[in-house]
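Here is the structure we will look at.
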Amino acid sequence: MIQGRSIINGPESFSCCNIYHDQIFPELVLLTMVASNDPIRIMLVDDHPERSASVEEKLKASGFDVICRLPSASGLLFQIEQLQPDLVLIDLQSPGRDVLESLSVVNHYNPKPVVMFSDEDDPAFIEEAVDAGVTAYMMEELHPQRVKPVIDLAMAQFKSYQSLRKALDDARTKLASQSVIEEAKQLLMTQHGINEDKAHKTLRTLSMDTNQSLPEAARSVIKILGKNRGNGNDHE
């Protein structure tokens, strides 16, 4: 077993790569993760009963709320969906890829910080674990005395990563919206013989009159004028 090595998945970390109807936005995750003085709710998955009991005792003494102890990862996705823990702590002898698949689903739809202790040092498996959303991968045995600092670090890294993820999503959304607006302005300029300033004012007026956002108004213009452009090309 390799002692004391860890991989933290976050904006400043090493990354080998990197059931819900709708995407939960990262900012909502941060708001609902831990509210004010509420204790952090932890799901503990450990296939060693004695160690699991010792870890639970230590966590409770440190102010955490262990909402359940699972002896295996069987039905992990269902348990996470039902109990909605703030953090998932996993220590399994042989964590299979089915575990990573469950974590990947959670990470995509409702991300949560995940700490995994394992003696699996296969780089391919570690890569898959990080990609599945494991926040901290610890290549050592879970020690009750050292678990709190690991959890604190994982929570901090997760929040930082989610903030970065939100900023990136916002930037992509802004870029996509600007692209739509520019396309709509170009159509207005071409088909109505107006300049860019007039086209922009037209979009703003349409946005206010129809109670739509500017990108939504732009999409309406593209939908209408795009057909006219197509008809014009057909006519030619």
Notebook entry, point to check: Looking at MET139, MET155, which is the one that is on the phi < 0 side of the Ramachandran plot, aliphatic (A, V, I, L, M) and in contact with a Leu (Cβ under 9 Å, 6 or more places away or on another chain)?
Noted result: MET155
Next item on the list: Could you please find all residues in region 74-88 being hydrophobic (A, V, I, L, M, F, W, C) and out of contact with any Pro (no Cβ under 7 Å at 6 or more places or on another chain)?
Entry: LEU76, LEU77, PHE78, ILE80, LEU83, VAL88
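Kindly state which helices (runs of 4 or more DSSP H) lie completely within region 12-130 and contain at least 3 residues that are modelled with pLDDT of 90 or more and within 18 Å of LEU142 (Cα to Cα).
Qualifying helices (runs of 4 or more DSSP H): 49-61.
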Margin query: Name the residue that is surrounded by the fewest Cβ atoms within 10 Å (Cβ to Cβ), counting only residues in region 133-147 that are hydrophobic (A, V, I, L, M, F, W, C) and farther than 17 Å from SER102 by Cβ.
Written below: MET139
Next item on the list: Select, from VAL150, VAL130, the only residue that is surrounded by 14 or more Cβ atoms within 10 Å (Cβ to Cβ), of a type in the set (Val, Ile, Thr) and touching a Leu at 6+ places or on another chain (Cβ under 9 Å).
Entry: VAL150
Check: Do any residues in region 143-159 that are farther than 13 Å from LYS112 by Cβ have Cβ atoms under 7 Å from those of residues that are among the hydroxyl-bearing types (Ser, Thr, Tyr), where the two are at least six apart or on different chains, and which pairs are they?
Finding: PRO144/SER54; LYS148/SER62
Item checked: Residue, surrounded by the most Cβ atoms within 10 Å (Cβ to Cβ), within region 153-166, restricted to residues that are within 12 Å of the chain's Cα centre (by Cα) and among the hydrophobic types (A, V, I, L, M, F, W, C) -> PHE158
Next item on the list: Hey, can you tell me all the residues within region 85-104 that are among the hydrophobic types (A, V, I, L, M, F, W, C) and either out of contact with any helix residue (DSSP H, G or I) (no Cβ under 6 Å at 6 or more places or on another chain) or at positive phi (or both)?
Entry: LEU87, VAL88, LEU89, ILE90, LEU92, VAL99, LEU103
Next item on the list: Determine whether ARG97 is farther than 18 Å from PHE117 by Cβ and under 22 Å from the mean Cα position of the chain (by Cα).
Entry: no
Next item on the list: Report yes if some residue within region 57-69 is crowded, with 20+ Cβ neighbours inside 10 Å and more than 24 Å from the chain's Cα centre (by Cα); otherwise report no.
Entry: yes
Margin query: It is to be established whether one or more residues within region 149-162 are more than 30 Å from ALA61 (Cα to Cα), part of a helix (DSSP H, G or I) and either at pLDDT 85 or above or of a type in the set (Lys, Arg) (or both).
Written below: no
Next item on the list: Assess whether ARG97 counts as being of a type in the set (Lys, Arg) and more than 22 Å from LYS148 (Cβ to Cβ).
Entry: yes
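The values are calculated or read from the model by the stated rules, or taken from the named source; none is laboratory data. For clarity, every value in this text was computed on a predicted model and none was experimentally measured. Please note: Cβ atoms are built from the backbone with ideal geometry, for glycine as well, and neighbour counts cover all protein chains shown.
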